[in-house]
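The values are calculated or read from the model by the stated rules, or taken from the named source; none is laboratory data. What you see is a predicted model, and the numbers here were worked out from it, not measured in a lab. For neighbour counting, all protein chains shown are included, and Cβ atoms are generated from backbone atoms with ideal geometry for every residue, glycine included. Protein only, heavy atoms only, side chains kept; ligands, DNA and RNA dropped before computing areas. Shrake-Rupley method; radii C 1.70, N 1.55, O 1.52, S 1.80 Å.
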Amino acid sequence: MTVAIILIILVVYAMVVLGFRIRDPELHWNWRNIDLNDLTFPKNFVWGTATASHQIEGGCHNNNWYEWEQSKNENEESPILKEAVSGEACDHWNRYEADIELMKQLGVKSYRFSVEWSKIEPENGQFDEAVLQHYSEIINAIIGAGVEPVLTLYHFTHPIWFKELGGFEKSENIAIFQRFCERVFNEFSGRVPRWCTINEIEVEATQSYFSGTWPPGKKDPALVGEVIKNLLEAHVRVYQSLKKQPNGDKVQIGLVKNIFQFDPYRSWHLIDNILGLVMDTVFNSAILRFLKTGKFRILIPGLINVSHSNPKAPASNDFIGLNYYSHFTIKPRLNPSELFEFKIRSNETPTDMEYSIYPEGFYRAIMRINQLGLPIYITENGIADKADNRRGSFIRQYLYALSRAIGDGARVKGYYYWSLMDNFEWAEGYEMKFGLYEVDFETQERKLRKGSQVYQEIISR
Ligand code: FCB
């Protein structure tokens, strides 16, 4: 009897720990033997930089994030670090011409940005022509500077009226989102060659419905599953519909997927491994499986039980966008309200966010997403580094990992550094400095950081 129990435990242990490792082994390279100048990128490789409307434009007074920034919890505390509000942000709405000049100085040839749904459609079904005209001018200015515009339709923010209808918690609201996407596409598809439908479904769903740190601030695992399902379905429907619009066959349309690995804090520890596996299922593997096969299923007994299928999903991306920052190393916490925590290992270099510098993970994520068989654009990658004492080596190491993945067969076509300039970093407010350009939010002055010059040099090579 005891032998049988021990055997069962060993088998479970081996299945979980080894299974996890075999599928996506945690890599660590010996950097002392690596030549960081050994970089090879294909001809026509696209170098770019990225932003999102709510984080830079200013004047977003009509969306779910605006409401969230004004709100207080039961202890009268703001949900945003240091009670920040996005407010005027980088005032990019008015300063876009100067900001496009900054892109030229960097040498980037492509720019990924998003349009603000709450400005374009301030009331359900009513579109603001003046706002569309303003975006049209921004697009003309980007093209005029010799930079290619890449437009994201949905980057975390939606109008307050859409939230009041239940947002993406309700599948019937997908049609409303689709109508917005069609309208924007028909305005700009003649000038914008690449379109991202939705940014980071998995990040929005988990922050907004699991940790509750983003609007609407709920903690309900069942809704995590439901919102992922609805956003995936929204992507497929939007893709299918835009492809049928004028220019649909001429432009490229794709989803933007974030990959964070959830590696066990202690590689030998069964619970760390199980936690990592569960998190990876929700955040990565269930979504990648849907994109590949059209089948979506998450079953975590007692927490999430959701399934969906759409046979059109495997043919609903002309490219896949990958956003990559780092891995989380996960371990249990002996606290009934928080069952696990992410803890940076002592031998890793932290960024200013709650994760480390992990270029090998960038390589892993690229090789993993490459299994979709689609052209890949790295739609975001960057570091929060206020002291600017890690940015330069971050760029060198991550671009080395990218070059190595391309050498090993990954079909990566371009890379967009997050972000052009410091901006409103969601729940972290203005504390996180991701910008290639430092922004003084009092004077709106922008200054190229020293560490960013590495990016400039690599592009110019
Ligand atoms: C990504 C978001 C982007 C920015 C970076 C740091 O998850 O897409 O808006 O906040 O993280």
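Figures for the structure shown
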{"quantity": "Cα-projected label distance for Glu123 with Glu442, points at 7 Å along beta-carbon direction, nm", "calculated": "4.2 nm"}
{"quantity": "Burial order of peptide ranges 451-459, 46-54, 122-130, 258-266 (average beta-carbon count within 10 Å, highest first)", "calculated": "46-54, 258-266, 451-459, 122-130"}
{"quantity": "Net charge dipole size for the chain [Lys, Arg +1 and Asp, Glu -1 on Cβ; Debye, nearest 20]", "calculated": "2160 debye"}
{"quantity": "Mean Cα-pair separation over length for the range 271-377, i.e. relative contact order, pairs under 8 Å, 6 or more apart, %", "calculated": "24 percent"}
{"quantity": "Portion, in percent, of the accessible area of the range 142-267 that falls on carbon or sulfur, probe 1.4 Å", "calculated": "50 percent"}
{"quantity": "For a label point 7 Å along the Cα-to-beta-carbon line of Lys450, residues of the range 364-400 with backbone N under 19 Å", "calculated": "383-397"}
{"quantity": "Computed [θ] at 222 nm, deg cm²/dmol, the chain (DSSP H ≥ 4; -39,500 (n - 2.57); rounded to nearest 500)", "calculated": "-11000 deg cm²/dmol"}
{"quantity": "Efficiency of FRET from Cβ geometry, Glu83 and Ile160, R₀ 22 Å, rounded to 0.05", "calculated": "0.60"}
{"quantity": "Unit charges at the beta carbon, dipole of the chain: most positive-side option, Ala130, Ser118, Thr281", "calculated": "Thr281"}
{"quantity": "Total formal charge among the other residues, if their Cβ is under 15 angstrom from that of Val251, Lys/Arg +1 and Asp/Glu -1", "calculated": "+2"}
{"quantity": "Euclidean distance between Cα centres, the range 277-305 to the range 344-374, Å", "calculated": "20 Å"}
{"quantity": "Under the span-like rule (Cα at least 18 Å along the axis, Kyte-Doolittle mean at least 0.5), DSSP H helices of the chain", "calculated": "129-144"}
{"quantity": "Formal net charge of residues neighbouring Met432 (Cβ-Cβ distance under 10 Å; K, R +1; D, E -1)", "calculated": "-4"}
{"quantity": "Chain lengthening between Asn305 and Ser285 when straightened (0.36 nm per residue, less Cα-Cα)", "calculated": "5.7 nm"}
{"quantity": "Extreme residue, positive dipole direction of the range 3-460, given options Ser208, Val150, Asn30 (C-beta unit charges)", "calculated": "Asn30"}
{"quantity": "Computed over the range 3-460: relative contact order in percent, which uses C-alpha pairs under 8 Å that are six or more apart", "calculated": "18 percent"}
{"quantity": "Taking N as its residue count, the alpha carbon Rg of the chain over 2.2 N^0.38 Å", "calculated": "0.96"}
{"quantity": "For the range 3-460, with +1 on Lys and Arg beta carbons and -1 on Asp and Glu, the positive-most of Gly166, Ile6, Val412 along the dipole", "calculated": "Ile6"}
{"quantity": "Ranked by how many other beta carbons lie within 10 Å on average, peptides 219-232, 29-42 from highest", "calculated": "219-232, 29-42"}
{"quantity": "Surface per residue (accessible, 1.4 Å probe) for the range 205-337, Å²", "calculated": "39 Å²"}
{"quantity": "Peptides 198-205, 333-340 ordered by average Cβ neighbours within 10 Å, highest first", "calculated": "198-205, 333-340"}
